[in-house]
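Each reported figure results from applying straightforward, stated rules to the coordinates on display, with no laboratory input. Every value quoted in this text rests on a predicted model; they were computed, and no experiment measured them. Note that each Cβ is placed from the backbone with ideal geometry, even for glycine, and that neighbours are counted across all protein chains shown.
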Amino acid sequence: MCDSCLRHGTAGKWYFNARHYSKELAEELDLKEFLMEQYKSFESMQVRKFSGFNAVGLGYTLRIPLIGRIAKYTAEKMLHTKKPSHNPFKAEGHIGQVVPLDDAIAILENCVDEDSIILKYCMCRYMHKGEKEACCINFGIMSEIIDKLPRFIPEDDKYKLTKEEAIEKFTEFNKKGYIGTIWYGAYPYINNLCACDNPACAGFKPRLNFDIKSIFKAEYVAQIDENNCQGCKSCLTMCKFAAISFDQKQKISQVDQTKCWGCGNCLHVCKYQAIGLESRKEIPAIAYNY
């Protein structure tokens, strides 16, 4: 995922750098009050202006030739900034990437402090679909402020998780078809392993609707073994990005790897082990297409 992976990650994956999850980093960046203020006014982030542009009616703004390019540039600059975040009402330094199940498990097993794992309501789903569903796994500093944000706490009050419980929950969401994502919040601190779907996720909407790089594709792409594929079409129903089609002549499924986000959800419904994930970097045509 760009130079951040190569400089700050393990094996090219930025989200495997354990320091980015540490309490020491959160304290160094003074993020406790920042995140508290951000979550208290979460909904307003989507309607506030940034650099003179308003998110309301942004689609129209982006279609205006010159102004649209300026608005897109401004939004990406804000999201990708590596400067210390100073305004909790802007999504500064808040960038994410899709992660498949195996990488999510590795994050929970190796990078996260077990005493800091919590499950909270996903505000994206609530804002866009009116649904209260606890499918966001947070850790680190969020565990210290969640009791002051009661509207994010699940109704059954079961929000503290062990690593095993967090892995079980994320696996459940993944098999349900929710897309796993990992997020800076704010850069370079990582505190959110989310499981949401398109179009409910606020991270996907700017990218898919306006081509604003608010989130990156995974380090992988799906690949189908034509010898194992039985033409059941189950994988077509799981893909949220229309990357899988069915070849009527050969009676097998096919993946358009330029559209594939590498979430790996299609693997869960294939009974014939015909789908696998391949490293994006190993396929020249899409190696740097994040």
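Rounded to the nearest 5, what % of DSSP beta bridges with both residues in the chain are antiparallel? Don't skip to the end; give the middle numbers.
Values: 29 of 31 bridges.
So the antiparallel bridges amount to about 95 percent of the total.
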| message | Distance cut-off 28 Å, Cα to Cα: go down the list 13/169; 40/205; 82/163; 23/205; 132/233; 205/251 and report the pairs above it. | response | 82/163; 23/205; 132/233; 205/251
| note | Diffing the stretch 228-241: the Karplus 3J(HN,Hα) column from phi (6.51, -1.76, 1.60, θ = phi - 60°), in whole Hz with x for Gly and Pro, holds 9, 5, 9, x, 6, 6, 4, 5, 5, 6, 8, 6, 8, 10
| field | Nitroxide proxy distance, nm - points 7 Å out along Cα→Cβ at residue 227 and residue 157 | value | 5.7 nm
| task | For the chain, with a Gaussian network of springs between Cα atoms less than 10 Å apart, report the residue from 199, 65, 100 with the top mean-square fluctuation. | result | 65
| query | Where does helix 31-40 land angle-wise versus the long Cα axis of the chain, in degrees 0 to 90, nearest 10? | reply | 80 degrees
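Could you work out [θ]222 nm for the chain from helices alone, using -39500 (n - 2.57) per DSSP H run of at least four and dividing by all its residues? Round to the nearest 500 deg cm²/dmol. Each step should come with its number before you reach the end.
Working: 11 runs with 91 residues, N = 290.
After summing the helix terms and dividing by residue count, I get -8500 deg cm²/dmol.
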| How big is the shadow of the Cα convex hull of the stretch 220-286, averaged over all directions, in nm²? | 4.1 nm²
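Filter the GluC sites (Glu not before Pro) in the stretch 87-150 to those in DSSP coil with at most 13 other Cβ atoms within 10 Å of their Cβ, and list the result.
Numbers: sites: 92, 109, 114, 131, 133, 144; in loops: 92, 131, 133.
Here the sparse-neighbourhood loop sites are 131.
At a Förster radius of 30 Å, what calculated FRET efficiency corresponds to the Cβ-Cβ distance of residue 18 and residue 285, to the nearest 0.05? Present the calculation step by step, with values, prior to reporting the outcome.
On the way: r = 33 Å, r/R0 = 1.10.
According to the calculation, E is roughly 0.35.
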| remark: Least to most buried among 85, 234, 279, by other C-beta atoms within 10 Å and fewest first, runs 279, 234, 85
| field | For the stretch 99-224: relative contact order, % (alpha-carbon pairs under 8 angstrom, 6 or more apart) | value | 27 percent
| message | If I build a Gaussian network model for the chain, linking alpha-carbon pairs within less than 10 angstrom, which residue out of 166, 274, 104 has the largest mean-square fluctuation? | response | 274
| said: Of 29, 265, 254, which is farthest towards the positive pole of the chain's charge dipole, taken about the Cα centre with +1 and -1 on the beta-carbons of Lys, Arg and Asp, Glu respectively? | reply: 254
| task | Averaging sequence separations of C-alpha pairs under 8 Å and six or more residues apart, then dividing by the length of the chain, give the relative contact order as a whole percent. | result | 18 percent
| In straight Cα distance, which aspartates and glutamates are under 17 Å from residue 90, not counting same-chain residues fewer than 8 positions off? | 30, 33, 37, 43, 76
| query | Short version: ³J(HN,Hα) in whole Hz for each residue of the stretch 123-138, in order, from phi by Karplus 6.51 cos²θ - 1.76 cosθ + 1.60 (θ = phi - 60°), x for Gly and Pro, what are they? | reply | 6, 4, 5, 5, 6, 9, 10, x, 10, 9, 9, 7, 9, 9, 9, 10
| Using Cα atoms only, what is the angle between the long axis of helix 163-176 and the major principal axis of the chain, expressed in degrees (0 to 90) to the nearest 10? | 50 degrees
| note | At q = 0.09, 0.11, 0.15 1/Å the base-10 log of I(q)/I(0) from the Debye formula over the alpha-carbon atoms of the chain is -0.44, -0.66, -1.22
| message | Taking the beta-carbon count within 10 Å as an exposure proxy, list 14, 183, 261 from fewest neighbours to most. | response | 183, 14, 261
| note | The helix 65-80 Cα axis meets the longest alpha-carbon principal axis of the chain at an angle in degrees, between 0 and 90 and rounded to 10, of 80 degrees
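Please label the shape of the stretch 114-202 as rounded, prolate or oblate, based on the square roots a ≥ b ≥ c of the eigenvalues of the alpha-carbon gyration tensor (a/c under 1.5 means rounded; beyond that, a/b larger than b/c means prolate, else oblate). Don't skip to the answer; put the middle values down first.
Working: a/c = 1.24, a/b = 1.21, b/c = 1.03.
Rounded, since a/c falls under 1.5.
Arrange the peptides 264-272, 28-36 so that the one whose residues have, on average, the most other Cβ atoms within 10 Å appears first. Show your work: numbers first, answer last.
Working: 264-272: 18.9, 28-36: 16.2.
Result, highest mean first: 264-272, 28-36.
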